[in-house]
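Shown next, in structure tokens, is the structure this report addresses.
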Ligand code: GDP
């Protein structure tokens, strides 16, 4: 099979080029610095979710006069769109859905190629709600990203990979004996938390299968390892990690970009925290990124050998995590010493457990048994004098667990009620340490079309 082709389409200024650059791993500046860059279609190869793909940015549309915009969009984009294995249709959530978006969307639906709807510019609080507008296109659930701020990209990449036609035999990662793919994890944390020591410790105990493998990106390599049960892992090792910085730590300053980049390839993030030092804001920042990118997380509370009051330390860290990370409750904490090796053997089992949780699928019947009960115990509030009627819930996706609640005016469900349901879901179905996504959909038919 040929390398699958992904075409990015949408009206001008929705952020196609920024997204293109993000997906192919180019610096943001290219967009701003070179006007006209998108005048011709550009194409690049990239690795998304472990798949080699071609990505094309449709262009030549920027100069089209507004009145004929949607027509021009079709003409300009048609040839590449017809060959696309997947069309990434980008809309600007800040500007809302404009007539050209709607026309183009309707045309795309008739084209019959697989379409992934992406709502760009959704940074900040308002962003998510604006993205919901895009449901009206009838192209399914919009995936929210901010190409400019680098948010939601790993989710986008894995979704794209999932939507592609299956790769031919042998092209994918080798499954292990149990038929499972190696579990991809990344170790993150502040400088000096003990990440390198931990990686070396993990690799040191006869677990390394082969040498380091060439990078999935220029800056990262993957280290294969196997735990005592035979489960295989791929440790995504970022450059700053193994190569000990001679001058600590000019290079290793924690940048959002580097963190996201490493997280992209991982399913589970191990956040290494220096227990002597306690939990810093920077640690919480990493954790929030993990949440936003929809990854599962385990905290390795390192340097446990050097901690004097263990009870107090454990409590302080757990309390702060619970308080500061409402969106990622119940993160498993493993106390260990990378230096002495004490308790290090507990880390990979914890990673596996949280990975299982992250992959979990709950049956619709179990969900709705709970839902009926949860809603009758604590009925949804009235909004603008009218009761919300929440009817049923279904799990739309895993990795991370994603649920959709349907009902009359369900989209008007207030934030604290949403939180109530998420907390319940987490407790009742035992989903600690993973983000949970919960969407609300009104029962208005989004497929009504005026054309
Ligand atoms: P990185 O910057 O996160 O990769 O941190 P390193 O692995 O380089 O560790 C930073 C320092 O912490 C080094 O001096 C390590 O020897 C020390 N260190 C790492 N793990 C432990 C541990 O479990 N206990 C103690 N006492 N020191 C540790």
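Any read-out appearing in this document is the output of simple, stated calculations on the displayed coordinates, not a laboratory observation. These numbers were taken from a predicted model, which means no experiment stands behind them. All Cβ positions, glycine included, derive from the backbone under ideal geometry; neighbour counts span all protein chains shown.
Of the DSSP beta bridges with both residues in the range 285-426, give the percent that are antiparallel, rounding to the nearest 5. Working shown, then result.
Working: 9 of 12 bridges.
Beta bridges within the range 285-426, antiparallel portion: roughly 75 percent.
Among 281, 57, rank each residue by its count of other Cβ atoms within 10 Å, from fewest to most, as a rough exposure measure.
On the way: 281 9, 57 25.
Least crowded to most crowded, the residues run 281, 57.
Under the classification rounded if a/c is under 1.5, otherwise prolate if a/b is larger than b/c and oblate if not, where does the range 91-167 fall, given a ≥ b ≥ c as square roots of the Cα gyration tensor eigenvalues?
Oblate, since a/c reaches 1.5 and b/c is not below a/b.
Distance between Cα centroids, the range 274-310 to the range 88-112: provide it in whole Å.
Value for the Cα centre distance between the two parts: 42 Å.
If we count other beta carbons within 10 Å of each Cβ, what is the order of 141, 148, 180, fewest first? Intermediate results must be reported in sequence, preceding the final value.
Numbers: 141 19, 148 15, 180 12.
Ascending number of Cβ neighbours within 10 Å: 180, 148, 141.
If we count other beta carbons within 10 Å of each Cβ, what is the order of 424, 267, fewest first? Intermediate results must be reported in sequence, preceding the final value.
Numbers: 424 17, 267 25.
Ranked by crowding around the Cβ, least crowded first: 424, 267.
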